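Data block below; observations after.
The values are calculated or read from the model by the stated rules, or taken from the named source; none is laboratory data. On a predicted model such as this, the values are computed, not experimentally measured, just so you know. Positions of Cβ are generated from backbone atoms using ideal geometry, with glycine treated the same way; all protein chains shown enter the neighbour counts. Note: accessible area is taken over every heavy atom of the protein model, side chains too, but ligands, DNA and RNA are not part of it. Shrake-Rupley method; radii C 1.70, N 1.55, O 1.52, S 1.80 Å.
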Amino acid sequence: MKLLVKGQPGRDIVRVTPQSANWTYVGFAAHRLAPCETLALDGSLDGALAGNARETCIVVLSGIVSVRVDGSFGSFAWRDIGARRSVFDDAAPYAVYVPAGQAIVITAGSAAEVALCTAPANGALAPRLIEPGTMQRSSRGSGSNTRHVCDILPHTAAADHLLVVEVRTPAGHSSSYPPHKHDVDNLPEESFLEETYYHRINPEQGFAFQRVYTDDRSIDESMAVENHDVVMVPRGYHPVVMPHAYEGYYLNVMAGPTREWHFKNDPRHEWMLKA
């Protein structure tokens, strides 16, 4: 099973659909936009990622954009949102939540990069702007396992299936570690969630390492991940390690039958939490 999707030059950086991933819930795409360039999503243009059956969380990774949403809730417009020059800025992003069944137009006010995170939905929630000041930021771990987390669309915020979070991992540090998984529908101990990791590297010529593996090793894939690559996690543990001198960023999109994040650590490595 090939879990690595390579980022590409040009406007359409990377794209994962339920069909391409051979799973049910998560869709993801990242796009570069030049100043004044427009990206339109109405189901006919990109039915696998937006349209009548899927909710969307637009994350303004860098640059400034305007977003217009039209549909059953009326028309919404947010102008000139985005405050980061880079995903490595010490700041939360702007994001927009869009329910199923709406037309979306994104127009860049400057050079920008946007992510589209999607999952199945019933369309009952109204569109809304998610401002940086409403997002919870925290640091997890200690020592060389320290990483910095921003909850963009957590389970405490309204959505049907989507969970969206971003993580910055300092050079030489590990992340998503100890290795953990969320692939069994066994609440409250563990929830089943598909997941994508969209990686950015600073400086951009660098790389990270990510492993995805299951207890029975039916999946066991170790990857050298470069700037703009996506790693798909259908199930299994999925740690990330940054080498010396290269800082890592990833945007996580998770979705499953129940919108709760409960994970299980690999018991062979859980000892380090008690050391």
**Study point:** Straight-distance crosslink candidates among lysines, where the alpha carbon sits under 30 Å from LYS274 and sequence neighbours closer than 8 are dropped
**Key:** LYS181, LYS264
Point to revise | SER138, SER20, reordered so the largest accessible area comes first (probe 1.4 Å) | key: SER20, SER138
Revision key, fill the gap. Checked the chain against the a/c 1.5 cut and the a/b vs b/c comparison, axes a ≥ b ≥ c from its Cα gyration tensor; verdict prolate
Exercise for review: May I ask you to give the percent of accessible area on segment 1-120 that is carbon plus sulfur, with a probe radius of 1.4 Å?
Suggested key: 51 percent
Check your understanding: Ignoring ligands, DNA and RNA, how do THR56, THR134, THR258 rank by accessible area with a 1.4 Å probe, largest first?
Key -> THR134, THR258, THR56
Review point. With θ set to phi - 60° and the Karplus curve 6.51 cos²θ - 1.76 cosθ + 1.60, what are the ³J(HN,Hα) couplings of segment 108-118 in order, to the nearest whole Hz, using x for Gly and Pro?
Key: 7, x, 9, 4, 9, 10, 10, 10, 10, 10, 9
Exercise for review: Determine ³J(HN,Hα), in whole Hz, for all residues of segment 260-270 in sequence, where each value follows from phi through the Karplus function 6.51 cos²θ - 1.76 cosθ + 1.60 and θ = phi - 60°; x replaces Gly and Pro.
Suggested key: 9, 10, 10, 10, 10, 6, 5, x, 6, 10, 5
Revision key, fill the gap. Counting only protein heavy atoms and rolling a 1.4 Å probe, one gets per residue an accessible area for the chain in Å² of 42 Å²
Practice item. Before rounding to the nearest 500, sum -39500 (n - 2.57) across all DSSP H runs of length at least 4 in the chain and divide by the residue total; then give [θ] at 222 nm in deg cm²/dmol. Key: 0 deg cm²/dmol
Check your understanding: Counting only residues 5 or more places away or on other chains, whose amide H sits under 5 Å from the amide H of LEU61 once H atoms are built in the peptide plane?
Key -> GLU113, VAL114, ALA115
Study note, to complete from the structure: The set of cysteines in the chain having no other cysteine's C-beta under 4.7 Å reads CYS36, CYS150
**Study point:** From phi via Karplus (6.51, -1.76, 1.60), per-residue ³J(HN,Hα) for segment 214-225 in Hz, x at Gly/Pro
**Key:** 10, 4, 8, 6, 5, 10, 7, 10, 10, 10, 8, 9
Study note, to complete from the structure: Largest fluctuation, ARG84, ARG259, ARG140 only, Gaussian network model of the chain with Cα springs under 10 angstrom, belongs to ARG140
Point to revise | Calculated FRET value between LYS274 and ALA158, using beta carbons and R₀ = 35 Å, to 0.05 | key: 0.45
Check your understanding: By its C-alpha gyration tensor, with a ≥ b ≥ c as the square roots of the eigenvalues, how is segment 113-238 shaped: rounded for a/c under 1.5, else prolate for a/b larger than b/c, else oblate?
Key -> oblate
Revision key, fill the gap. From most to least accessible, 1.4 Å probe, no ligand or DNA/RNA atoms counted, GLU226, GLU37 line up as GLU226, GLU37
Check your understanding: In segment 151-275, carbon and sulfur make up what percent of the accessible area (probe 1.4 Å)?
Key -> 53 percent
